[in-house]
Amino acid sequence: MCGIVAANAERNIIPILLDGLKRLEYRGYDSAGLACLTEDGELYDHTEVGKVAKMAAGLPAELSSHLGIAHTRWATHGAPSRENAHPHLSGQRVAVVHNGIIENFSELRQQLQDRGYEFSSETDSEVIAHLIDHELTAHASPLQAIRQALKQLDGAYAIAVILHDYPDRIFGARQGSPLVVGVGVGENFLASDAAALVPVTQQMMFLEDGDLVELKRAEARVIRMDGESVERPVRISSLPSDSADRGRYRHFMEKEIHEQPEAIATTLNAHLDGTRICPSLDPELLGRVRAIHILACGTSYHAGLVARYWIERLARVPVSVEIASEYRYREPAIPEDTLLIAISQSGETADTLAALERAEHAGYLSTLGICNVPESALTRQCENVLMTRAGLEIGVASTKAFTTQLTVLLLFAAALAKAREADPGMIRQVLEDLGQASQQAREVLAMDGEVQQVAEEIASKAHALFLGRGPEYPIAMEGALKLKEISYIHAEAYAAGELKHGPLALVDDTLPVIVPASSNPLLTKLISNLQEVRARGGMLYVFADRGVSLAPAPGIRMIRVPAPHSIISPIIQVLPLQFLAYHVGVLKGTDVDQPRNLAKSVTVE
């Protein structure tokens, strides 16, 4: 959600800013812009609604600069427009780009207008530029002026600032929104995501909340809001520089669906060491766990719901799965020796981080983060971490991050069961099933052509209903989420047993009903639910594993998933539903990788 890139170098930084923005396009945005100090010392800025390429096409061919900031905006305050796009300027003295939300911007805006400042946008971000300009008149040090301006802000922010009168430095600050320093040789950079900077440096310094940074070409100085200097370690980023390449695929989402067998295998190998499961976790800690709370949002929440079935079945530990944006405002009752698990693909999800911070003082036994980004805020905030090994995920709609989250969560459930001295044969079977996951995923991905035929049948529909029972119910929820995200078809998921409690009223011959079906003990119950749909004229699309004995019939389209039922079935069952959403989106002509109104990393509430 929104992207920041800034550079201070001897070379021309315009190509660096543009390439960095393109690498952040996956985060979701609706406008783009940049500001820089030109060779003749002028403060130049340019913004455009739409894609980075459109903004870049409007730049003068001869534009060159050694100091600049750039931004992709996801609209919050004010509609997408050139006026609302970043950077925001105060006269010709200050230029600012901002991620986050300033909650008290209305009061600050009025104060600044009373001082004579004129606003050209509807955004909350413009107040930052004018505040800094105002404080520059009262403070000899630009860093002190920026500190004083930031002290007046309520809310979340990551900012990058350039000043006309200080052409040798960039300023940055973060509070509740990520910001990373890229450390080069005789050059330094800022970005909201390390992915923007890996072509120019692999050395990253991750700022903490309350940090301000002054970037000159030869040094990066970090201070706290109280003015105390601090050192932040420089880490080597694990992201490859070519991670944003689609290769032979039409879209990143298609590529990332096909990357899942390897991602699952890599994740599995990372957390198995001989007979040791999740060796980074203390068995003594696991043995003390008597309850688990899981916090997550969106797709990660669905992963948590699947994990509840696994953990309660294998380890016999009660699990509560919470939507982080709701949990952070509740006052939950926390049983003794409860482990808190926070799940986030990016590790920067604002609601999950806020809920985790609130929970730190709530008396949990410990915290465990499950994340795909090793340098993220979540991994730094949790006492224990299990990394997924999905690699960089560009598509806004999560695919491989979800299946690797499931892989890690099933491994965790096995490790917890082992620590609680569960049946060794049961644990061994779980590991054997997980060992088959990568190959089964490859076989299921070969169904692409058949799934595409189903997509052609439902692409013209306005609504879709997904049903599931047991662990397949959260998979139905994930399938519905993918379809609505990618195709903009209204899709909802229900537990199949709830049909008669409302959703059955929607069923007619215009409604496709999509069902992941596994040959588990609930299959006969599920088949009864499907007959209720068929009797009312609904068209059923059943994605059934090879153990499901349901014959094709009028009103029932069977799509055979070439895998047996096992504990890993949810991981396998979601794959054709991802393909379904992808192909429907392509047929409808939507922006598959960057769906409208959505962002990859949701860094504001």
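Quick query: amide H of Arg217 versus all other amide H atoms, modeled in the peptide plane; which residues come in under 5 Å with a sequence gap of 5 or more or a different chain?
Placed amide hydrogens put nothing under 5 Å from Arg217.
Output the peptides 516-529, 84-97 sorted from most to least packed, where packing is the average of other Cβ atoms within 10 Å over each peptide's residues.
Listed from highest to lowest mean packing, they are 84-97, 516-529.
I need the P(r) histogram for region 462-550: all alpha carbon pairs, bin width 10 Å from 0 out to the longest distance, whole percents.
Cα pair-distance distribution for region 462-550, in percent: 19, 55, 25, 1.
Quick one: which residues, 5 or more positions from Ser31 or on another chain, have an amide H under 5 Å from its amide H? H modelled 1.01 Å from N in the peptide plane, none for Pro or chain starts.
Sorted by chain and number, the residues that satisfy this are Gly50, Arg73.
In whole percent, what relative contact order does region 3-236 give with Cα contacts below 8 Å and a gap of six or more residues?
20 percent
Against the longest alpha carbon principal axis of the chain, how many degrees, from 0 to 90 and to the nearest 10, is the axis of helix 298-314 turned?
40 degrees
Kirkwood hydrodynamic radius for region 3-236: how many Å is it when counted over pairs of different Cα atoms?
17.2 Å
Whole-Hz Karplus ³J(HN,Hα) for region 172-178, in order, using 6.51 cos²θ - 1.76 cosθ + 1.60 and θ = phi - 60°, x for Gly and Pro?
x, 7, 9, 7, x, 9, x
Please give the peptides 254-261, 122-129 ranked by average Cβ packing (other Cβ atoms within 10 Å per residue), highest first, as a rough proxy for protection.
122-129, 254-261
Reported to two decimal places, what Rg/Rh ratio describes region 246-435 when computed on Cα atoms with Rh from the Kirkwood expression?
Ratio value, two decimals: 0.96.
Could you tell me how many degrees, from 0 to 90 and to the nearest 10, lie between the Cα long axis of helix 472-487 and the main elongation axis, the longest principal axis, of the Cα atoms of the chain?
For 472-487 against the chain, the angle is about 50 degrees.
May I ask you to evaluate 6.51 cos²θ - 1.76 cosθ + 1.60, the Karplus curve with θ = phi - 60°, for each residue of region 400-416 and list the ³J(HN,Hα) values in order in whole Hz, giving x for glycine and proline?
For region 400-416, the Karplus-derived couplings read 5, 5, 5, 5, 6, 4, 4, 4, 5, 5, 5, 4, 4, 4, 5, 5, 5 Hz, x marking Gly and Pro.
Over region 469-605, consider all pairs of different Cα atoms and compute the Kirkwood hydrodynamic radius from their mean reciprocal separation; express it in Å, one decimal.
Answer for region 469-605: a Kirkwood hydrodynamic radius of 15.7 Å.
Quick check: the angle from helix 14-23's long axis to the longest principal axis of the chain, C-alpha only, nearest 10 degrees?
For helix 14-23, the angle is close to 20 degrees.
Each value in this text was obtained by applying a stated rule to the coordinates, not by laboratory testing. Worth saying up front: this structure is predicted, and the values here are computed from it rather than measured. Here the Cβ is made from the backbone with ideal geometry for all residues, glycine too, and neighbour counts use every protein chain on show.
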